[in-house]
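Peer 1: Right, I'll just put the structure down here and ask away after.
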Amino acid sequence: MKLENLGIEDTVLDLKPLDHIMGKHAFIRAGQWDYERVTYDYKIGSNETNVTYYIRVQGYALEGDVDRKDAVIKLLTPLLGKHYYPHGIEYGEEENFPENLVERAREILQSLSEELQSLKGE
């Protein structure tokens, strides 16, 4: 599920400050990158058996190299996904997400967006 109009998509930042802010908001990049792309995940636990939800923020390098940590990253529209163990994560619009979960995800992303925008303005 796309979480649109939160001010994150099309944000452009250098990788190092982006990694710092994403980490402050509990988004983990870990090994989820290649030379041109990054993926940050925020894990949301669930009471459902074998189900975990994730907020995913992806981006790609407009210039530079992620491996050398000199990339300038443009962020894409965040996604809300549902991980079904052991099959994987589904992001489809046909997924049924609890309304309170969608609202929580929007609040998390709104807080992230505010900090990203304040850094972008510096």
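Peer 1: May I ask you to list the GluC sites (Glu not before Pro) in region 1-110 that are in a DSSP loop and have at most 14 other Cβ atoms within 10 Å of their Cβ?
Peer 2: Glu4, Glu48, Glu93, Glu94, Glu95
Peer 1: Mean separation of Cα pairs under 8 Å and 6+ residues apart, divided by the residue count of the chain: what relative contact order is that in percent?
Peer 2: Computed value for the chain: 32 percent relative contact order.
Peer 1: Also: Name the longest site-free stretch of the chain, where the excluded sites are trypsin sites (Lys or Arg not before Pro) in a DSSP loop with no more than 12 other beta-carbon atoms within 10 Å.
Peer 2: Looking at the chain, 1-67 is the longest stretch - no exposed trypsin sites (Lys or Arg not before Pro) with at most 12 other Cβ atoms within 10 Å.
Peer 1: Give the cross-link partners of Lys43 among the lysines, using a straight C-alpha distance below 19 Å as the criterion and excluding same-chain residues fewer than 8 apart.
Peer 2: Lys43 reaches Lys2, Lys24, Lys82.
Peer 1: Moving to a separate point now. Applying the Karplus parametrisation 6.51 cos²θ - 1.76 cosθ + 1.60 with θ = phi - 60° to the phi angles of region 70-76, what ³J(HN,Hα) value in whole Hz is obtained for each residue in order, glycine and proline being reported as x?
Peer 2: Result, ordered by residue: 10, 7, 9, 9, 10, 7, 9 Hz.
Peer 1: Using a 1.4 angstrom probe on heavy atoms only, work out the carbon and sulfur share of the accessible area of the chain in %.
Peer 2: 44
The values are calculated or read from the model by the stated rules, or taken from the named source; none is laboratory data. Values in this document were obtained by computation on a predicted structure and should not be read as measured data. Glycine also receives a Cβ, built like all others from the backbone with ideal geometry; neighbour counts cover every protein chain displayed. Note: accessible area is taken over every heavy atom of the protein model, side chains too, but ligands, DNA and RNA are not part of it. Shrake-Rupley method; radii C 1.70, N 1.55, O 1.52, S 1.80 Å.
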